[in-house]
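Visitor: Got a structure for you, written out below as structure tokens; questions coming shortly.
The values are calculated or read from the model by the stated rules, or taken from the named source; none is laboratory data. Nothing here was measured: the structure is a model prediction, and the numbers come from that model. Methodologically, a virtual Cβ is constructed for each residue, glycine included, from the backbone with ideal geometry; neighbour enumeration extends over all protein chains shown.
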Amino acid sequence: MSLVSPLIVIVGPTAVGKTDLAIELALRLRGEVVSADSRLFYRGMDIGTAKPSLTERRGVPHHLIDVAEPDETWSLALFQQRAQTAIEGIYRRGNLPLLVGGTGQYIRAVTQGWVPPEVQPHPDLRNILENLAKTHDPYWLHAKLRVLDPIAADSIDPRNLRRTIRALEVILTTGYPFSAQKRSSGSPYHLITLGLKRPREELYRRIDERIEAMFANGLLEEVQRLLQRGYSPDLPSMSAIGYREAAAVLRGEMSLEAAKTQMKRLTRIFVRRQANWFKETDPAIHWLDARQIDLEELERYIRQNL
């Protein structure tokens, strides 16, 4: 057994089956799950994020789910701090932590000990960038980031205006690429990283079925409740795929079928972006075909590598 504290990491694209596998392994290994999915932070945003219910979690403790209101901002640095705190608490209880999610930068921040750029917020510059995004749109601002730092642009969802602005703020303040300023202090954990994969056609089918189920299960009603509580569809949390589309349907700006089509298209783009973070050629990732996992064999593999 390694002298460094072990951390099981489960990665893979949206809808591949990470949640179910994490729960099965946690039950077998006396584990607790730390979510690395930035969409699951927010209370009241359940259907559109495919958040596992308490029943679906089957008694397994989950951390960093429902920890913020939709109008609160969670930075990468705050997530990293809270995840590390959660992991330390799991160790103290004598349990095994499982870090689970498809948000690449959140996984890497924890597993590689990222040290964020030491650049203080610049309110005036942020205001200028926010006004440019309003005058044009977030995609226009993201295109400017791509010119200045294509590596950073590849790692940031164009819909995530907050992260786009932060990257530009760091670049314009320091004169150096944002991507070059992420330093790593090395992993503080003994990592066992499992990657889940499915054939792309099957994955797309599962995504389509999930989106149809979201509307059948009340996505429009969920978004209506959020809007009635005063949460703007322009909030960073509401940029998650599905929420702006649902808000547009409720305002009569988009048909239901058009919203579904756009969500399916954007999710496919997101899946391709996730693949840039976790490549099947990465020797540090033990890849598994999600269609044929032998849980007993996988448990043995993990125990042998702890």
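Visitor: Among what's in region 110-125 and is in contact with a helix residue (DSSP H, G or I) (Cβ under 8 Å, 6 or more places away or on another chain) and part of a loop (DSSP other than H, G, I, E, B), pick the residue that is surrounded by the fewest Cβ atoms within 10 Å (Cβ to Cβ).
Guide: Per the stated criteria, the residue is Pro121.
Visitor: Please give the number of the condition Pro117 fails out of (1) modelled with pLDDT under 90; (2) closer than 29 Å to Lys51 by Cβ.
Guide: For Pro117, the exception is condition (2).
Visitor: State which residue is farthest from Arg291 (Cα to Cα) when the search covers only region 201-219 and only residues that are crowded, with 16+ Cβ neighbours inside 10 Å and of a type in the set (A, V, I, L, M, F, W, C).
Guide: Among residues in region 201-219 that are crowded, with 16+ Cβ neighbours inside 10 Å and of a type in the set (A, V, I, L, M, F, W, C), the one farthest from Arg291 (Cα to Cα) is Leu219.
Visitor: Let me ask you something else. For residues in region 226-257 being within 25 Å of Arg273 (Cα to Cα) and of a type in the set (Asp, Glu), which is surrounded by the most Cβ atoms within 10 Å (Cβ to Cβ)?
Guide: Glu245
Visitor: Tell me yes or no: at least one residue of region 42-55 is among the aromatic types (Phe, Trp, Tyr), farther than 30 Å from Gln304 by Cβ and modelled with pLDDT of 95 or more. Don't jump to the end; show me each part of the working.
Guide: Quick first cut of region 42-55, residues among the aromatic types (Phe, Trp, Tyr) only: 42.
Those left that are additionally farther than 30 Å from Gln304 by Cβ: 42.
Then keep just the ones that are modelled with pLDDT of 95 or more; that gives 42.
Yes.
Visitor: When you check Pro150 against the structure, is it within 21 Å of Ala77 (Cβ to Cβ) and free of Cβ contacts under 8 Å to residues at least 24 places away in the same chain, yes or no? Steps first, answer last, please.
Guide: Numbers: within 21 Å of Ala77 (Cβ to Cβ): no; free of Cβ contacts under 8 Å to residues at least 24 places away in the same chain: yes.
No, not satisfied.
Visitor: Oh, and also: Filter region 199-232 for residues that are within 19 Å of the chain's Cα centre (by Cα) and either farther than 18 Å from Leu266 by Cα or not charged (D, E, K, R) (or both) and give the result.
Guide: Of everything in region 199-232, those that are within 19 Å of the chain's Cα centre (by Cα) and either farther than 18 Å from Leu266 by Cα or not charged (D, E, K, R) (or both) turn out to be Leu203, Tyr204, Ile207, Ile211, Met214.
Visitor: State which residue pairs qualify: first residue assigned by TED's automatic domain parsing to the domain that holds Ile23 and inside region 286-302, second residue assigned to a strand (DSSP E or B) and of a type in the set (Lys, Arg) in any location, beta carbons under 6 Å apart, and separation of 6 or more residues or different chains.
Guide: Trp287/Lys197
Visitor: Considering only region 219-282, give the helices (runs of 4 or more DSSP H) lying wholly within it that have at least 2 residues that are polar (S, T, N, Q) and assigned by TED's automatic domain parsing to the domain that holds Trp74.
Guide: Values: elements: 219-228, 243-250, 256-277.
Answer list for region 219-282: 219-228, 256-277.
Visitor: Residues being in contact with an Asp or Glu (Cβ under 8 Å, 6 or more places away or on another chain) and in a strand (DSSP E or B): count how many of those fall in region 283-303. Let's see the steps before the verdict.
Guide: As a first pass, look at region 283-303 and keep what is in contact with an Asp or Glu (Cβ under 8 Å, 6 or more places away or on another chain): 287, 291, 295.
Keeping just the survivors that are in a strand (DSSP E or B) gives 287.
Residues flagged as in contact with an Asp or Glu (Cβ under 8 Å, 6 or more places away or on another chain) and in a strand (DSSP E or B) within region 283-303 amount to 1.
Visitor: What is the number of the single condition among (1) crowded, with 18+ Cβ neighbours inside 10 Å; (2) at pLDDT 90 or above that Gly89 does not meet?
Guide: All conditions are met except number (1).
Visitor: Scan region 187-194 and give yes if some residue there is within 17 Å of the chain's Cα centre (by Cα) and either outside the structural domain of Leu29 (by TED's automatic domain parsing) or modelled with pLDDT of 90 or more (or both), otherwise no.
Guide: Yes, there is a match, as at least one residue in region 187-194 is within 17 Å of the chain's Cα centre (by Cα) and either outside the structural domain of Leu29 (by TED's automatic domain parsing) or modelled with pLDDT of 90 or more (or both).
Visitor: Any residue at all in region 41-64 that's among the small types (Gly, Ala, Ser) and part of a helix (DSSP H, G or I)?
Guide: Filtering region 41-64 for residues among the small types (Gly, Ala, Ser) gives 44, 48, 50, 53, 59.
Now narrow it down to the ones that are part of a helix (DSSP H, G or I): none.
No, region 41-64 has no match at all.
Visitor: Which one of the conditions (1) in a helix (DSSP H, G or I); (2) β-branched (Val, Ile, Thr); (3) closer than 21 Å to Ala22 by Cα does Thr173 fail to meet, given that it meets all the rest?
Guide: In the conditions (1) in a helix (DSSP H, G or I); (2) β-branched (Val, Ile, Thr); (3) closer than 21 Å to Ala22 by Cα, Thr173 misses (3) alone.
Visitor: Further question: Is it true that Arg82 is part of a helix (DSSP H, G or I), of a type in the set (D, E, K, R), within 13 Å of the chain's Cα centre (by Cα) and under 25 Å from Pro13 (Cβ atoms)?
Guide: Numbers: part of a helix (DSSP H, G or I): yes; of a type in the set (D, E, K, R): yes; within 13 Å of the chain's Cα centre (by Cα): no; under 25 Å from Pro13 (Cβ atoms): yes.
No; evaluated as a whole, the condition is false for this residue.
Visitor: Run down Ile151, Ile107, Ile128 and say which single residue is assigned to a helix (DSSP H, G or I) and surrounded by 21 or more Cβ atoms within 10 Å (Cβ to Cβ). Give the steps one after another, and end with the answer.
Guide: On the way: Ile151 fails: surrounded by 21 or more Cβ atoms within 10 Å (Cβ to Cβ); Ile128 fails: surrounded by 21 or more Cβ atoms within 10 Å (Cβ to Cβ).
Matching residue, one of Ile151, Ile107, Ile128: Ile107.
Visitor: Considering each of Leu21, Leu7, Leu64, Leu25 in turn, give the residue that is at pLDDT 95 or above, closer than 30 Å to Gln304 by Cβ, touching a Pro at 6+ places or on another chain (Cβ under 7 Å) and buried (at least 21 other Cβ atoms within 10 Å of the Cβ). Reasoning before the result, please.
Guide: Working: Leu21 fails: touching a Pro at 6+ places or on another chain (Cβ under 7 Å); Leu64 fails: touching a Pro at 6+ places or on another chain (Cβ under 7 Å); Leu25 fails: touching a Pro at 6+ places or on another chain (Cβ under 7 Å).
After applying the criteria, what remains is Leu7.
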